[in-house]
Amino acid sequence: MYKNLAGRAVLAWAAACFLSPAFSQPQSSKEPLKIGFVYVTPVTDAGWVRQHEEGRKAVDAALGGKVSTTFVENVPEGADAERVIRDLAQQGHRLIFTPSFGYMEPTLKVARDFPGVKFESITGYKTAPNVATANARYYEGRYLAGIAAGRMTKTNVAGYVAGFPIPEVLQGINAFTLGMRSVNPHAKVAVVWLNEWFDPPKERDAAMALFNQNADVIAFHTGSTAVMAAAQERGKLAVAYHSDMRKIAPDAQIVAVTHQWGGYYTERARAVLDGSWKSGNVWGGVKEGMIRVGDFGSKVPKAVQQEVLARQKDIAEGRLQPFRALAADVRDNEGHVVIARGAQLNDEQILKMNWLVEGVQGRVTR
């Protein structure tokens, strides 16, 4: 029923040149809504793209014959992305999801030429009349994972393999560190920057280097399962990200921060079907069901599991905010106060985050 469009990304490109830029094929009410997804890496068993693929499948399961979904995998950000997105629009897809930050500008460019098509820029921040944005509060899950890591570490050193120093990644590192230090004030987090989202060999090498620097638990913000596999190989502990990765690291995984896109994708598809779709900006987290922490490994004591789940409930019900200073000022790792005691960061401040919190060993290039 589904069709993988990889290898066909440029088909119909030549034909498109002979058509009006705003070409939009009318859709019969009896025809299924064609929905396209563009993936920045191959579809693997776990990771960022896997969770969006699960979201796509959830749309089909919920809406059945009302929709027809397709995807294109392993599409680099930039010119290739624009060609693929344009191709999907030209083929009659009336709703297109582009889940990667680097797809934002190509999505906006294509959207201007196809006003009859709805676009969803996932992790982007620029909207247009036919372009909505959505993202998740990954940092909420990171804080909870930090609590688990803080309880499980014996060396008081965690490693963190990170892609790029953009606000989303900095939020995660800082929330993870704050979560660790909320239960283990002596904890430190060592960061390695890869300047890559998906490079399994580099991810593995970075993890191994961190283990050699006394880290006994590790987290990551990259696209593969390489860090988890490295932890399993070295007999260390790890926090899974995007997906449950116990199949890859059955002994290493302590907890997983999972992304849940099925509900959002289904809601947006329904809105196109019933004509209620509007552009907007959604930033959902634990409360909205877009982020979930669980899938504990066998080495995690029940008391730690219960503590993490209790704090997850506190976040969902608004009693806990990761970027709120309670007993004392929160400082960055250069000694500056970044959250005054009794205050909490608002969304604008979180979205512009450009610092690393005290306890993190690393620097941000400004």
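The values are calculated or read from the model by the stated rules, or taken from the named source; none is laboratory data. These figures come from a predicted structure and were not determined experimentally. Positions of Cβ are backbone-derived with ideal geometry, glycine not excepted, and every protein chain shown enters the neighbour counts. What goes into the accessible areas is simple: the full protein's heavy atoms, side chains included, and nothing from ligands, DNA or RNA. Shrake-Rupley method; radii C 1.70, N 1.55, O 1.52, S 1.80 Å.
Okay, here's what the table says:
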| quantity | calculated |
| --- | --- |
| The range 36-62, subset in contact with a His (Cβ under 6 Å, 6 or more places away or on another chain) and not polar (S, T, N, Q), residue modelled with the highest pLDDT | G36 |
| Extreme residue, surrounded by the fewest Cβ atoms within 10 Å (Cβ to Cβ), among residues of the range 193-216 that are within 22 Å of the chain's Cα centre (by Cα) and in contact (Cβ under 8 Å) with a residue 60 or more places away in the chain | W193 |
| Answer from N174, N135 - the residue that is of a type outside the set (A, V, I, L, M) and open to solvent by 10 Å² or more (accessible area, probe 1.4 Å) | N135 |
| Long-range neighbours under 8 Å by Cβ, at least six apart or interchain, first residue surrounded by 24 or more Cβ atoms within 10 Å (Cβ to Cβ) within the range 244-255, second acidic (D, E) | Q253/D244; Q253/D295; V255/D295 |
| Selected residue (only one of F23, F18 is out of contact with any Asp or Glu (no Cβ under 9 Å at 6 or more places or on another chain) and at pLDDT below 50) | F18 |
| Search result, residues across the range 306-331 that are over 14 Å from P167 (Cβ atoms) and in contact with a strand residue (DSSP E or B) (Cβ under 7 Å, 6 or more places away or on another chain) | V308, Q312, Q321, R324, A325, D329, V330, R331 |
| Spans of strands (runs of 3 or more DSSP E) in the range 107-168 with at least 1 residues touching a Pro at 6+ places or on another chain (Cβ under 6 Å) and touching a residue at least 12 places away in the same chain (Cβ under 8 Å) | 118-122 |
| Any hit, the range 187-204, residues being farther than 28 Å from G102 by Cα and not polar (S, T, N, Q) | yes |
| Members of the range 341-366 that are more than 14 Å from F176 (Cβ to Cβ), part of a loop (DSSP other than H, G, I, E, B) and out of contact with any Pro (no Cβ under 8 Å at 6 or more places or on another chain) | R341, G342, A343, L345, N346, W355, R363, R366 |
| Enumeration of residues in the range 308-319 that are open to solvent by less than 40 Å² (accessible area, probe 1.4 Å) and touching a residue at least 60 places away in the same chain (Cβ under 8 Å) | V308, Q312, I315 |
| Among residues of the range 214-248, those that are of a type in the set (S, T, N, Q) and at pLDDT below 95, counted | 4 |
| Residue list for the range 55-82, restricted to those being surrounded by fewer than 17 Cβ atoms within 10 Å (Cβ to Cβ) and assigned to a helix (DSSP H, G or I) | K57, A61, A62, G64, G65, K66, A79, D80 |
| Any chance G235 is among the small types (G, A, S) and without any contact (Cβ under 8 Å) to a residue 40 or more places away in the chain | yes |
| Hey, I339 modelled with pLDDT of 95 or more, β-branched (V, I, T) and touching a Gly at 6+ places or on another chain (Cβ under 8 Å) or not | no |
| Residue list for the range 153-181, filter: touching a helix residue (DSSP H, G or I) at 6+ places or on another chain (Cβ under 8 Å), of a type in the set (S, T, N, Q) and closer than 17 Å to V192 by Cβ | N174, T177 |
| From A190, A175, residue being in contact with a Pro (Cβ under 7 Å, 6 or more places away or on another chain) and either modelled with pLDDT of 95 or more or more than 29 Å from A328 (Cβ to Cβ) (or both) | A175 |
| So G179, is it part of a helix (DSSP H, G or I), crowded, with 21+ Cβ neighbours inside 10 Å, in contact with a Ser or Thr (Cβ under 8 Å, 6 or more places away or on another chain) and not hydroxyl-bearing (S, T, Y) | no |
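Yes/no per residue for (1) basic (K, R); (2) without any contact (Cβ under 8 Å) to a residue 12 or more places away in the chain; (3) open to solvent by 50 Å² or more (accessible area, probe 1.4 Å):
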position	(1), (2), (3)
Y264	no, no, no
R268	yes, no, no
A271	no, yes, no
S279	no, no, no
V282	no, no, yes
K287	yes, no, yes
V300	no, no, no
Q306	no, yes, yes
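Here's the yes/no breakdown for (1) open to solvent by 30 Å² or more (accessible area, probe 1.4 Å); (2) at pLDDT 95 or above:
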position: K118; (1), (2): yes, yes
position: T123; (1), (2): no, no
position: V131; (1), (2): no, yes
position: G141; (1), (2): no, yes
position: A145; (1), (2): no, yes
position: R151; (1), (2): yes, yes
position: F164; (1), (2): yes, no
